[in-house]
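Report on one structure; see the data block that follows.
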Amino acid sequence: MKTRDLNSIIDLRSDTVTLPTEEMLEAIKTAELGDDVFKEDPTVNRLEEMAAKKMGKEAALLVPSGTMANLVSVTSNTTRGDSAVLEADSHIYWYEVGGISAIAGVLPLPVKGEMGVMNPKDVEAAIRPKGVHQPPTTLVCLENTHNRAGGTIVTPSQIEAISKVAKEHDLNSYMDGARIFNAAVALKVDVREFTRHVDNLMFCLSKGLSCPIGSVIVGTEGFIGRAKKMRKIVGGGMRQAGVIAAPGIIALEKMIDRLEDDHVNARLLAEGLAGIEGIDVDLRSVQTNMVMFNVKGLNIGADFFVDRLREQGLLALSLGKTRIRTVTHRGIEKEDVEVALAIIERAAKEIRSRKR
Ligand SMILES: Cc1ncc(COP(=O)(O)O)c(C=O)c1O
């Protein structure tokens, strides 16, 4: 098998590897700037106004990362010593270094969902009863699209059903909407269909929308006021942050509709993978720009397979013993998917022939 030129690496590890567009770089260069801690950066103010409006909420706050957005939001929705219901495979629970407990002081109550979607009955059952022995449950967190489940969508009606439980029990509802625009584009509905049933949420500029940095939290004025203080506590108060906001404005204006291309490419990838002997893909979970596949049928581990792909210039992410994640994004064209499939097919064939 011929080794690929390193310059033509196909990187399917994450949509976070996307680079800013020329227009974004130009916008950074020419952005009007000020001190955002004094609320004097006009570009940040403009992005926050745009984001709040787009999401149908009162106010917004720019933060450097999705992880900070989640931490600041969980903290601003709770009091230390509370508990929060979240999906057992959620990013907050798995990949944020336990900040929910270590910094927010909140006990997570994980609920296993079906393809990332929690059953409202399970959410209700996880809420701790009121009493001297219990940490008050004051928050439910959703994730949309759901990363570890493979970019799956929590639909507006599913959100509504969970929010109904939250309201009945006086809980706040929050959505880690890191990739919420992927969900909206996939279902061809306005993003507000997803946001109107939760009290507050965050979305990332730095994933499929191609910005280099940044996430935005949206919610009521009061919530955003608390979030702003918390952002300052964790060192997220930024000065001429217009350099981050400027590409964010372009992302909101021009980068959302093209997510559809990533979804088409993900589907193409998934269908190709489904036809390779020894590789297993659950096509039901391929709803946006992620494709999870399993190499158990090849009797090898995910790390081993990912290493073989890397040797051929294809990057993917090992996600446990035999599970591998691939993500399509602006740096991936249809032809890249075709080459990726050829590499995976050859690697699988080689492994199968060695085992015989
Ligand atoms: C669902 C979800 N939430 C939050 C984050 C955290 O974002 P960041 O990497 O910007 O901290 C990610 C990152 O991949 C994510 O997938």
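Nearest-5 percent of antiparallel DSSP beta bridges in the chain?
Details: 19 of 37 bridges.
Counting DSSP beta bridges with both partners in the chain, the antiparallel share is about 50 percent.
With helices defined as uninterrupted DSSP H runs, which ones in the chain have an alpha carbon span along their own long axis of at least 15 Å and mean Kyte-Doolittle hydropathy of at least -1.0?
Values: long enough: 42-55 (20 Å, -0.69); 66-77 (16 Å, 0.46); 156-168 (18 Å, -0.36); 221-233 (18 Å, -0.73); 242-254 (18 Å, 1.32); 259-274 (23 Å, -0.05); 334-355 (32 Å, -0.48).
Qualifying helices: 42-55, 66-77, 156-168, 221-233, 242-254, 259-274, 334-355.
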Practice prompt. Starting from the amide H of Thr152, placed 1.01 Å from N in the peptide plane, find each other amide H under 5 Å away whose residue is 5 or more places distant or on another chain.
Written response: His146
Item to complete: Rank by packing, highest mean first: peptides 99-111, 144-156, with packing defined as the count of other Cβ atoms within 10 Å averaged across residues.
Response: 144-156, 99-111
Worksheet entry | Distance from the stretch 265-331 to the stretch 60-125 (C-alpha centre basis), Å | 27
Practice prompt. May I ask you to evaluate 6.51 cos²θ - 1.76 cosθ + 1.60, the Karplus curve with θ = phi - 60°, for each residue of the stretch 143-150 and list the ³J(HN,Hα) values in order in whole Hz, giving x for glycine and proline?
Written response: 10, 8, 6, 8, 5, 5, 7, x
Worksheet entry | Shape of the stretch 6-113, Cα gyration tensor, a/c cut at 1.5 | oblate
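Can you tell me what the convex hull of the Cα atoms of the chain projects to on average, as an area in nm²? Walk me through the intermediate numbers first.
Values: hull surface 73.0 nm².
Across all orientations, the chain yields a mean hull projection of 18.3 nm².
Classify the stretch 226-356 from the C-alpha gyration tensor, please: rounded if a/c falls under 1.5, else prolate or oblate depending on whether a/b exceeds b/c. It would help to have the intermediate numbers written out before the result.
On the way: a/c = 2.78, a/b = 1.99, b/c = 1.39.
Prolate.
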Worksheet entry | the stretch 138-161-the stretch 237-259 distance, computed between alpha-carbon centres (Å) | 24
Worksheet entry | Vicinal HN-Hα couplings computed from phi for the stretch 106-122 (Karplus, 6.51 cos²θ - 1.76 cosθ + 1.60; Hz; Gly/Pro x) | 10, 7, x, 10, x, 10, 6, x, 9, 6, x, 9, 6, 7, x, 5, 5
Worksheet item: In deg cm²/dmol and to the nearest 500, what is the mean residue ellipticity at 222 nm of the chain if only DSSP H runs of at least 4 residues count, each as -39500 (n - 2.57), divided by the residue total?
Response: -12500 deg cm²/dmol
Worksheet, complete the sentence: Residues meeting the amide H criterion for Asn172 (H placed from the backbone, H to H distance under 5 Å, 5 or more places apart or on another chain) are Leu139, Val140
Fill in: Reachable aspartates and glutamates, given that their alpha-carbon falls under 18 Å from the alpha-carbon of Lys130 and they are not under 8 places away in the same chain
Asp82, Asp122, Glu168, Asp170
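Roughly how big is the chain's charge dipole about its Cα centre, with Cβ charges of +1 (Lys, Arg) and -1 (Asp, Glu), in debye to the nearest 20?
For this selection, approximately 960 debye.
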Worksheet item: Looking at the stretch 116-207, what % of its DSSP beta bridges pair antiparallel, to the nearest 5?
Response: 10
Discussion item. Please enumerate, by chain and number, the lysines with C-alpha under 30 Å from the C-alpha of Lys349, excluding those fewer than 8 residues away in the same chain.
Written reply: Lys2, Lys296, Lys321, Lys334
Discussion item. Could you work out the relative contact order of the stretch 1-99? I mean the mean sequence separation of Cα pairs under 8 Å and 6+ apart, divided by the number of residues, in percent.
Written reply: 11
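Note the count of lysine pairs whose C-alpha atoms are less than 27 angstrom apart in the stretch 144-236, limited to pairs 8 or more residues apart or on different chains. Before the final figure, lay out the partial values.
Working: Lys164/Lys188; Lys167/Lys228; Lys167/Lys229; Lys188/Lys207; Lys207/Lys228; Lys207/Lys229; Lys207/Lys232.
The number of close lysine pairs in the stretch 144-236 is 7.
Decide, for the stretch 40-180, between rounded, prolate and oblate: order the square roots of the alpha carbon gyration tensor eigenvalues as a ≥ b ≥ c, take rounded if a/c falls under 1.5, and otherwise choose prolate if a/b is larger than b/c, else oblate. Spell out each step's value before the answer.
Details: a/c = 1.65, a/b = 1.38, b/c = 1.19.
Note, shape of the stretch 40-180 comes out prolate.
Since every read-out is calculated from the coordinates, none of them should be taken as a lab result. From a predicted model like this one, the values you see are computed outputs, not experimental measurements. When we count neighbours, we look across all protein chains shown, and the Cβ atoms used for this are built from the backbone with ideal geometry, even at glycine.
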